[in-house]
1. Would you work out the relative contact order for the range A:202-280, in percent, from Cα pairs under 8 angstrom that are 6 or more residues apart?
2. Between residue B:248 and residue B:146, what length in nm is gained on full extension when 0.36 nm per residue of separation is reduced by their alpha carbon distance?
3. Any idea what the relative contact order of the range B:56-184 is, in percent, if you count C-alpha pairs under 8 Å spaced at least 6 apart?
4. With every atom except the alpha carbons ignored, what do you get for Rg and Dmax of the range A:98-190, in angstroms?
5. Given the whole protein assembly as supplied and a 1.4 Å probe, what does the accessible area of residue A:112 come to in Å², nearest 10?
6. When all protein chains stay in place, what accessible area (Å², nearest 10, 1.4 Å probe) is found for residue A:201?
7. For the range A:182-296, what are Rg and Dmax over the alpha carbons, in angstrom?
8. Measure up A:114/A:187; B:187/B:233; A:168/B:168; B:91/B:233; A:273/B:203 against 25 Å on the Cα-Cα distance and list the ones that go over.
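The values are calculated or read from the model by the stated rules, or taken from the named source; none is laboratory data. No experiment lies behind these values; they were computed from the predicted model shown. Positions of Cβ are generated from backbone atoms using ideal geometry, with glycine treated the same way; all protein chains shown enter the neighbour counts. Protein only, heavy atoms only, side chains kept; ligands, DNA and RNA dropped before computing areas. Shrake-Rupley method; radii C 1.70, N 1.55, O 1.52, S 1.80 Å.
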Number of protein chains: 2
Amino acid sequence: MWSPFRWPWGGISRPCGRRWPCRQARLWSPPMPRGWRGKSLHKTPHVPYHTPIMTPEACTLTLQSLPLFQGFPAEVMKELASKTTVSKHPKGHMLFQHGDTIKHLHIVTHGWVKVSRLTEEGDEAVLDVLTAPHPLQIMDAIAAPAWGATATVAEDAGFFSLPINLFKATLNEHPHLALGLLQTTAKMHQSLQRELEGRTLQKTDQRVGCFLLRLVPNPGDTHPATLTLPYDKTLLAARLGMQPETFSRALGNLKRELGITIQGHTLTIPNLKSLQAYTCSACSGTYPCIRSTQKA
Amino acid sequence: MWSPFRWPWGGISRPCGRRWPCRQARLWSPPMPRGWRGKSLHKTPHVPYHTPIMTPEACTLTLQSLPLFQGFPAEVMKELASKTTVSKHPKGHMLFQHGDTIKHLHIVTHGWVKVSRLTEEGDEAVLDVLTAPHPLQIMDAIAAPAWGATATVAEDAGFFSLPINLFKATLNEHPHLALGLLQTTAKMHQSLQRELEGRTLQKTDQRVGCFLLRLVPNPGDTHPATLTLPYDKTLLAARLGMQPETFSRALGNLKRELGITIQGHTLTIPNLKSLQAYTCSACSGTYPCIRSTQKA
């Protein structure tokens, strides 16, 4: 049994089993407060602690709150939680690669993860950029022995990882749970169909506009809406299936035509209705639609 | 109870209940042999017969052979078959429309069906063109009360239609069947992801080449491969998300670069390897891949 380690500036971690210093240990430490900055870390015990503590009860509760596990009985959740690994990875970390054998079902608990595929020529197609509470490539996990895409951390992210054999055994033991899962996966599929429609019919400006509309916190607003871009613009362009320069040009057009203003990652839309009229006319759906970040 | 009607030139139909003459009655008649051509139909009894006979046993067997129902026990299939409607529709018939309430789960038994969406501006995005033994928009049927797309017959097609309530009740009664269905839907999702990747990274020539490669009867062939285009070129262009003139240009490029020859709907690829090298370099998969017509 591990014993908790308290960082000198507050925060609790548990040992990772690797040699100190390790990069993750530094990442898992809570931010060092102002008073501590500049003080040598060598004055604090050199113990390799880096996974934040999550009690089995907390893990069960968090898992139960995920849409993926809606309807799963408490005792099943308890067993799943006891085998679940909690981890956190920095930006750039590759969680799994296209073709790797599937060992775990990963669920994003915070941060952003890029799901992409690489061609023989080295071009990358970003299939999706996901945040909590999304399972990663769940369809692969259900139907295939190997991953059909690569998952890379786009903004420091946390994961719940369930052994895939345990997940499949649970489904076989409690087949009625597959019905709920079928609903979840059906919604993902519908969302992917919407994506395909958008890439076929919408112009680049409209695709960018559509993405912005889905980020608006209150779609019913009549006042100017302010929103924050969730990740960097290069990734955003790739997520929308366009080159960074095309994305910048599209954003420029929206700024000129609809008076949208941008300051760093913060964006203000003065009139939601006119953006909707411009964007949603090239879509078969009606606004507000399901957000790209709320698929599952 | 209906009594079978034998067409004077062979073939059996059953009454439709509509007034003669109806278009379907003519469609459901087997082709009139040479000896009968020119003879007046008025010499034959004017009875409105047009649905071909399918005995409950034949219906059960056909349903059981579909990938969708793999693993369904015999007695369940018998009950499903007893409630299944068999129908056939001519090219252009709209089976259901985006937004219609879902009443049946339709499975294509022959012919081709276009699944598409129409935007407010009147543009059409073709999501897929399906043939036997595909269920139509099964994800909608599972998760939504209304269809998320429109299905139109592209080449005279036949359908099995199961009442959706019966299908859902069967799944609730035999939840282990949902596990098999989950596998089927997962494969469909993976196929849609491949489609999205192709639309993002492949050039139009490569997308056309990719489609042709999937139609090749024996992918391992070293001799020239001959194949038949399954439906007309305008629909084919829409299926690949491009304008008809872009499609013609792409096909022209392939003819010039790789020596592909076209006569009507028949196409000959002199060297499969060079077409693979040209097309598959912009794809993350390896050839031969799962065909677009073998998703479920």
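1. 44 percent
2. Here the segment from residue B:248 to residue B:146 would lengthen by 33.1 nm.
3. 34 percent
4. Taking only Cα atoms of the range A:98-190, I get Rg and Dmax of 13.7, 44 Å.
5. So the heavy atoms of residue A:112 present about 40 Å² to solvent.
6. 40 Å²
7. So, for the range A:182-296, Rg and Dmax equal 13.7, 44 Å respectively.
8. Table pairs above 25 Å Cα-Cα are B:187/B:233; A:273/B:203.
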